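The values are calculated or read from the model by the stated rules, or taken from the named source; none is laboratory data. What you are looking at is a predicted structure, and each value in this text was computed from that prediction instead of being measured. Cβ coordinates were reconstructed from backbone atoms using ideal geometry, including for glycine residues, and neighbour counts include every protein chain displayed. Areas reflect the complete protein model, heavy atoms only, side chains present, ligands, DNA and RNA absent. Shrake-Rupley method; radii C 1.70, N 1.55, O 1.52, S 1.80 Å.
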Amino acid sequence: MTAPDDIAAVRGVLEPGSPALAAFDYLLAHASAAAFEIADSSHGTIRSVAFRAPSDSRPHFSAIANPRHITFYLLSGLPSAHPALFAAASATFGSVTDNRKGEYRVRRHAPQEIDTLLDFLRTQAVWPSRPHDRRFVRRTFEPVSAAHIRRAAQQLVAGYAEHGFGPSTQYDLLFEGHRLPPKAVFGIAATEALGFPVRPVNFTAGDGESCFRILRENGFPIVSKGEALDSEPAIADDEERAWSEGAQRLVTHLRRERATGLAAEKRDAFRARHGRLYCERCEMDPVRTYGKAGEACIEVHHRETHVADMEAGHRTRLEDLMCLCANCHRVAHRELAGKQIGPG
Ligand SMILES: [Zn+2]
Ligand SMILES: [Zn+2]
């Protein structure tokens, strides 16, 4: 495996947001899935990566990045083991004219052209073709965020059905009173986050899998089909329970700030804007004090502005939320409970 910085330099040649960049990412996702070692093979201004199978001594494939396409190479070592390969490639994708190096090359402009290419290589038995070789690795899914997941869940609630994922058999993802198939939610979210199609064959869903871990880390609860839907917000401790019994407002408050996925999305947005997480009330920076684990101190609180504006069905927006350290958050809740039930 190569340093992510090297790959970033190769990616940097491709036009941001272009189908060609999606094609490059898609190729890398599939190469990692099939356990190829991906190495930067740039020379001079030519930015390229090479793909080496664990069983091979040198790479058999490479890809050169251009702004609007990638050029994929079948390298010269291949025909000795697969004599008919280049002829078959020429028959499928067209012949290569100036071929001094004895390589075959083909331009690819979009993810669907990567599908055609990989299907060809699998048919020729030079690219791994077991189902497991199509399962994207954990790292591939890193860009999937709470915002992607929430949009995917909203699309499913709105009736979006053309996603290729089946109904769930064992588990449900709970979202705003709906039960959704977790694998479909994740697949739709990942497709948006990664910019290329993520299909059922590309990952498995279940306890201990990246899919469930990422969904849960971003605040989306997953329960077994039989399990009851918990309509109350999670009451974190006895103090909250005591307040909430007398204070409907606090219950509403907790429900708003713990709405599925919003807290993770708020933290992502805050980090993107300020470069770090800190408390908006006392400005405490827990990462400076405790290191990376200190981020756990930063919670998301609903700023209650005009309660009168919040009729039933009011949708919490990110602007309604603020980041508070655990201490300030507890104080804010006590103030809120005090306002509701009066002093004493
Ligand atoms: Zn604070
Ligand atoms: Zn709060």
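So which trypsin sites (Lys or Arg not before Pro) in region 155-217 end up in coil per DSSP with only 11 or fewer other C-beta atoms within 10 Å?
Working: sites: ARG179, LYS183, ARG213, ARG216; in loops: none.
Answer in residue order: no site qualifies.
Rounded, prolate or oblate for region 138-224? Axes are the square roots of the Cα gyration tensor eigenvalues, ordered a ≥ b ≥ c, and the cut-off for rounded is a/c under 1.5.
The shape class here is rounded.
Compute the label zone of SER224 within region 173-213: residues whose backbone N is under 13 Å from the point 7 Å along Cα-to-Cβ.
The answer is 207, whose backbone nitrogens lie closer than 13 Å to the label point.
Which of ILE188, ASN218, SER55 sits farthest toward the positive end of the charge dipole of the chain, with +1 on the Cβ of Lys and Arg and -1 on the Cβ of Asp and Glu?
SER55
Mind giving me the nanometre distance, one decimal, between the label points for GLU295 and ALA272, set 7 Å out from Cα along Cα→Cβ?
So the two model labels end up 1.4 nm from each other.
Using only Cα atoms, tell me the angle between helix 111-123 and the longest principal axis of the chain; keep it within 0 to 90° and round to the nearest 10.
With rounding to tens, the tilt is 50 degrees.
For the chain, what does the relative contact order come out to in percent, with C-alpha contacts under 8 Å and a separation of six or more? Working shown, then result.
Values: 491 pairs, mean separation 41.0, N = 344.
For the chain, the relative contact order is 12 percent.
On a 1.4 Å probe surface of the protein chains, which of LEU28, LEU121 comes out largest in accessible area, and what is the full order?
Details: LEU28 25, LEU121 0 Å².
Descending accessible area places them as LEU28, LEU121.
Give me the percent of the accessible area of region 4-134 that comes from carbon and sulfur atoms, probe 1.4 Å, all protein chains in place.
Working: 3290 of 6360 Å².
So the carbon and sulfur contribution to the accessible surface is 52 percent.
Compute, for region 4-134, the length of the dipole vector about the Cα centre, with Cβ point charges of +1 (Lys, Arg) and -1 (Asp, Glu) only. Units Debye, rounded to 20.
240
Treating only the Cβ atoms of Lys and Arg (+1) and Asp and Glu (-1) as charged, compute the dipole magnitude of region 138-224 about its Cα centre; round to the nearest 20 debye.
100
Need the full-extension length gain, ALA326 to ARG216, defined as separation in residues times 0.36 nm minus the C-alpha distance. One decimal, nm. Each step should come with its number before you reach the end.
Working: separation 110, 0.36 × 110 = 39.60 nm, distance 2.07 nm.
Gain in length upon complete extension: 37.5 nm.
Please label the shape of region 4-134 as rounded, prolate or oblate, based on the square roots a ≥ b ≥ c of the eigenvalues of the alpha-carbon gyration tensor (a/c under 1.5 means rounded; beyond that, a/b larger than b/c means prolate, else oblate).
rounded
If you take the beta carbon distance between ASP133 and ILE46 as r and set R0 to 30 Å, what does 1/(1 + (r/R0)^6) give as a FRET efficiency, to the nearest 0.05? It would help to have the intermediate numbers written out before the result.
Values: r = 29 Å, r/R0 = 0.95.
Using R0 = 30 Å, I get an efficiency of 0.55.
Using a Cα distance threshold of under 27 Å, what count of lysine pairs results for the chain when pairs must be 8 or more residues apart or interchain?
Details: LYS183/LYS225; LYS183/LYS266; LYS266/LYS292; LYS266/LYS339.
For the chain, the number of qualifying lysine pairs is 4.
Taking the Cα-to-Cβ direction at THR92 and at THR204 and moving 7 Å from each Cα, how far apart do the two end points lie in nm?
2.8
So, in nm, how far is label HIS82 from label VAL251 when the simple model puts each one 7 Å beyond its Cα toward the Cβ?
Taking the two extended label points, one gets 6.4 nm.
About the Cα centre of the chain, what is the dipole size in debye to 20, counting +1 per Lys and Arg Cβ and -1 per Asp and Glu Cβ, all else neutral?
So the magnitude is around 860 debye.
Calculate, in nm to one decimal, what GLU319 and TYR160 gain on full extension: separation in residues at 0.36 nm each, minus their alpha carbon distance. Numbers along the way, then the final one.
Working: separation 159, 0.36 × 159 = 57.24 nm, distance 2.72 nm.
Extra length available between GLU319 and TYR160 comes to 54.5 nm.
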